[in-house]
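Chemist: Let me begin by handing over the structure; questions about it come next.
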């Protein structure tokens, strides 16, 4: 897969040269350091691959550093990155509070910090590109209400919600949007537990324990597809068939799409990985140059990305979408691992 992407990058670069983008590609704009929280799930591995595919097309070398889910290691990597004097640092934080020290050091050194995936609200950064996570929670609630009505005749029943790690703003924002929306359905009983460190084994333990206490659970909503994969294994071990207990999850990973095809998962709310990265790339030249950014709506891979000016800096939010059995094979969903070949369109 990586070899394929490198070849694809060369081909795209060649096409862009003939399309009149040669000067941009030929420039050596310096290094972008990508600080990865962990490579334990497919979202993170695909994010690394896509970033290493896209930014060289704009003239940036990419150096990726994996923090192995350790906040202390990521802070050390911040120091290493600053020593390199890169054009910018892209941060996907292990812990959004622990990362503050590194952000302060980098920006004091004149290095822009772009936040990706895990929103950080407690300190100003130069740019943020995230999915609209609250809206993902809202979409999930709508799908769950629809599924409960399909199952029980009306939006009623018992829902087990398995969060990711509560130290991650991604899961907290989804929880906020989901719970605010599902509260509109008074006949839905909600049980919530957190799978600490996003560990699949923790999600499996939660499912196993809760199904003992609440065997009448109608639906399990996990905040990531790899958690749903662990839950599916528990259900299968208990002798359940696909559809006996409905499942929904919310990041769009390949395992989630596979579970949809197998009938275990009824809906997956995609976090638009590719659009988030194309959004970073579209703005990076202006950010590195220190030019002001204009709020508004920007077309990013066909999605309406909304750029707002927040207390933490410019924030690009990109919408998620519900994946079901009807559209699971659509190539635009990152879980199908078909990296877009569309060139990045830099914002002018």
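Chemist: Keeping to the range 262-292, report how many residues are within 20 Å of residue 30 (Cβ to Cβ) and either in the same structural domain as residue 234 (by TED's automatic domain parsing) or in contact with a helix residue (DSSP H, G or I) (Cβ under 6 Å, 6 or more places away or on another chain) (or both).
Modeler: Total meeting the criteria: 2.
Chemist: Can you tell me which residue is modelled with the lowest pLDDT among those in the range 180-217 that are closer than 22 Å to residue 240 by Cβ, out of contact with any strand residue (DSSP E or B) (no Cβ under 9 Å at 6 or more places or on another chain) and buried (at least 20 other Cβ atoms within 10 Å of the Cβ)?
Modeler: Restricting to residues being closer than 22 Å to residue 240 by Cβ, out of contact with any strand residue (DSSP E or B) (no Cβ under 9 Å at 6 or more places or on another chain) and buried (at least 20 other Cβ atoms within 10 Å of the Cβ), the top hit is 200.
Chemist: Kindly evaluate residue 120 against the criterion of being modelled with pLDDT under 95 and buried (at least 20 other Cβ atoms within 10 Å of the Cβ).
Modeler: So residue 120 passes the test.
Chemist: Sticking with this structure for a sec: Have a look at 142, 177 and point out the one that is surrounded by fewer than 22 Cβ atoms within 10 Å (Cβ to Cβ), within 18 Å of the chain's Cα centre (by Cα) and modelled with pLDDT of 95 or more.
Modeler: Among 142, 177, only 177 is surrounded by fewer than 22 Cβ atoms within 10 Å (Cβ to Cβ), within 18 Å of the chain's Cα centre (by Cα) and modelled with pLDDT of 95 or more.
Chemist: Is at least one residue of the range 82-97 closer than 24 Å to residue 298 by Cβ, more than 15 Å from the chain's Cα centre (by Cα) and assigned to a strand (DSSP E or B)?
Modeler: The answer is yes; a qualifying residue exists.
Chemist: Which residue out of 16, 35 is touching a helix residue (DSSP H, G or I) at 6+ places or on another chain (Cβ under 7 Å) and at pLDDT below 60?
Modeler: Every option except 16 fails the conditions.
Chemist: Among the residues of the range 27-51 satisfying the criterion of being under 19 Å from the mean Cα position of the chain (by Cα) and assigned to a strand (DSSP E or B), which is farthest from residue 224 (Cα to Cα)?
Modeler: 33
Chemist: Modelled with pLDDT of 95 or more, surrounded by fewer than 23 Cβ atoms within 10 Å (Cβ to Cβ) and within 20 Å of residue 264 (Cα to Cα), is that true of residue 237?
Modeler: yes
The values are calculated or read from the model by the stated rules, or taken from the named source; none is laboratory data. These numbers come from a predicted model, not from an experiment. Here Cβ is always computed from backbone atoms with ideal geometry, including for glycine, and neighbour counts include all displayed protein chains.
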